[in-house]
Amino acid sequence: MTEVLPEFRVVRPATAQEAAAAHRDNEGARYLAGGTDLIPNVRRGIGDPDLLIDLGGIADLKKIEVGANGARIGAGVTLAHLAKNAQIAAAYPAVITAAKSIAGPGHRAAGTVGGNVCLDTRCVFYNQSQWWRESNNFCLKYKGDTCHVAPKSTYCHAAYSGDLAPVLLVMGAQVEVTGPEGSRTIALPDLYGEDGQNYLALKRGEFVTAVLLPKDVLPTVYEKMRVRGAIDFPLAGVAVALRRDGDKIGDLKVAVTGTNSRPFIVEGIEELVGGPLSDEVLDKIGDLVQKQVSPMRTTLVAPFGRRRIAAALARRQASALFAG
């Protein structure tokens, strides 16, 4: 069955304030950045916006600024442009690693920082054609009343799969958001919620305008597992930030993507700071990850395997960072 886009209008505001005003006046509007996720979904009948607000004409969203107090990365910066930025590479190399790992070259040429940070959650029962979803009575995330992954659940279990988020989380990033009520800055963890249907804690009409990174961040690495070495979303992605203090752990943070409905910082890791990175500590890191990730049957890969892989990635990265 051929899938075609529905009828909609497009406006291209010149400022973030104009974009927010356009959304305020059109309840069915959606913001459009690179469109690599939104347009395929709309084509499949997931959403039926009557207005697309194209953010591509807002120059301020495309700026990267690195200064004495840290970095500001505009939400409209493409992933390809970010991956080639020398200043970000020097100060935040793990951000470059994550950006280069996203999808394929064509996707990165169009996809944006804001789009990846706000990436819609995914599930094998959701990211399908209209006729396929309709034949399964849709799902809790869109038009249905049952989460097919967990039929007795009262919330959606679709998984968040953005690659930038875990790196930004362990670096202590914030995000600027703009909406009809004005602009505000929030800590990145506060942007997300553990519900695949309502995974972003944005007010109506708000959108992310920039990512803010502090000046000093811990040495960080990012690694993910996916079925194919390109294009695929992470089935489990882990960012580890670690500072060594002599023969002890000076600081340590771990964040995960691809397993839950939100990217998150693993809790309890801070209790391991101050001691050596022994095999016992590595086991504790793996245990903490396994206890807090909650992969479900949202992909064709078994949840058990994704849980074990997330733990293994965390162990391996922590060991590598400690070894220098």
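Every number in this text was worked out from the coordinates using simple rules, so none of it is lab data. On a predicted model such as this, the values are computed, not experimentally measured, just so you know. Note: ideal-geometry Cβ built from the backbone for every residue, glycine included; neighbour counts use all protein chains shown.
Rounded to the nearest 0.05, what FRET efficiency is calculated for residue 143 and residue 9 with R0 set to 22 Å and r the Cβ-Cβ distance?
Working: r = 23 Å, r/R0 = 1.05.
E between residue 143 and residue 9, to the nearest 0.05, is 0.45.
Place the peptides 312-320, 129-137 in order of packing, highest mean first, counting for every residue the other Cβ atoms within 10 Å and averaging per peptide. Display every interim value, and only then the final one.
On the way: 312-320: 20.2, 129-137: 13.6.
In descending order of packing, they fall as 312-320, 129-137.
So how do 322, 304, 8 line up by other beta-carbon neighbours within 10 Å, fewest first? Don't jump to the answer; show the numbers that get you there.
Values: 322 20, 304 9, 8 15.
Lowest to highest Cβ neighbour count: 304, 8, 322.
How much length, in nm to one decimal, is gained on full extension between residue 54 and residue 17, taken as 0.36 nm per residue of separation minus their Cα-Cα distance?
Numbers: separation 37, 0.36 × 37 = 13.32 nm, distance 1.30 nm.
Stretched fully, the residue 54-residue 17 segment lengthens by 12.0 nm.
Can you tell me the relative contact order of region 189-264? Whole percent, Cα pairs under 8 Å, sequence separation 6 or more. List each step's numbers first, then the result.
Working: 104 pairs, mean separation 21.3, N = 76.
So the answer I get is 28 percent.
So, how do all the Cα-to-Cα distances of region 1-83 break down into 5 Å bins, in percent, from 0 on up?
Spelled out per bin, shortest first, that is 3, 14, 21, 20, 17, 13, 8, 4, 2, 1, 0.
Within the set of other residues whose C-beta is less than 15 Å from the C-beta of residue 218, count the net charge using Lys and Arg as +1 and Asp and Glu as -1.
On the way: positive: 215, 243, 244, 248, 253; negative: 216, 245, 251, 270.
For residues surrounding residue 218, the net value is +1.
Between residue 100 and residue 27, what is the label-point separation in nm under the 7 Å Cα-to-beta-carbon projection?
Modelled inter-label distance: 4.8 nm.
Using θ = phi - 60° and the Karplus curve 6.51 cos²θ - 1.76 cosθ + 1.60, what whole-Hz ³J(HN,Hα) does each residue of region 237-247 get, with Gly and Pro shown as x?
With coefficients 6.51, -1.76 and 1.60, one gets x, 10, 10, 10, 10, 9, 10, 8, 10, x, 9 Hz.
Using the structure shown, select from 100/215; 203/253; 84/143; 141/284; 84/248; 141/291 the pairs with a Cα to Cα distance greater than 31 angstrom. Provide the component values of the computation, followed by the final result.
Details: 100/215 22 Å; 203/253 29 Å; 84/143 41 Å; 141/284 35 Å; 84/248 34 Å; 141/291 25 Å.
Checking Cα-Cα distances, 84/143; 141/284; 84/248 exceed 31 Å.
How many angstrom lie between the C-alpha centres of region 34-49 and region 81-99?
29 Å
Can you tell me the length gained on complete extension of the stretch residue 231 to residue 183, counting 0.36 nm per residue apart and subtracting the Cα distance? List each step's numbers first, then the result.
Numbers: separation 48, 0.36 × 48 = 17.28 nm, distance 3.38 nm.
Full extension from residue 231 to residue 183 adds 13.9 nm.
I'd like the Kirkwood hydrodynamic radius of region 95-192, using the inverse of the mean 1/r over distinct C-alpha pairs, in Å.
Values: mean 1/r = 0.0636 Å⁻¹.
Kirkwood radius, region 95-192: 15.7 Å.
Based solely on its DSSP helices, what 222 nm [θ] is calculated for the chain when runs of n ≥ 4 H residues each add -39,500 (n - 2.57) and the sum is averaged over all residues, nearest 500 deg cm²/dmol?
Values: 11 runs with 94 residues, N = 324.
So the helix-based figure for the chain works out to -8000 deg cm²/dmol.
Counting only C-alpha contacts under 8 Å and six or more residues apart, can you give the relative contact order of the chain as a whole percent?
Values: 719 pairs, mean separation 50.4, N = 324.
Taking the mean separation of contacting Cα pairs over the length of the chain, I get 16 percent.
Taking neighbour Cβ counts within 10 Å as the exposure measure, how do 267, 18 sort from fewest upward? All intermediate terms of the calculation are to be shown ahead of the outcome.
Values: 267 11, 18 15.
Least to most surrounded, the residues fall as 267, 18.
For the charge dipole of region 123-231, defined by +1 on Lys and Arg C-beta atoms and -1 on Asp and Glu C-beta atoms about the Cα centroid, which residue among 170, 156, 213 has the Cα displaced farthest towards the positive pole?
Projecting each Cα onto the dipole axis, the largest value belongs to 156.
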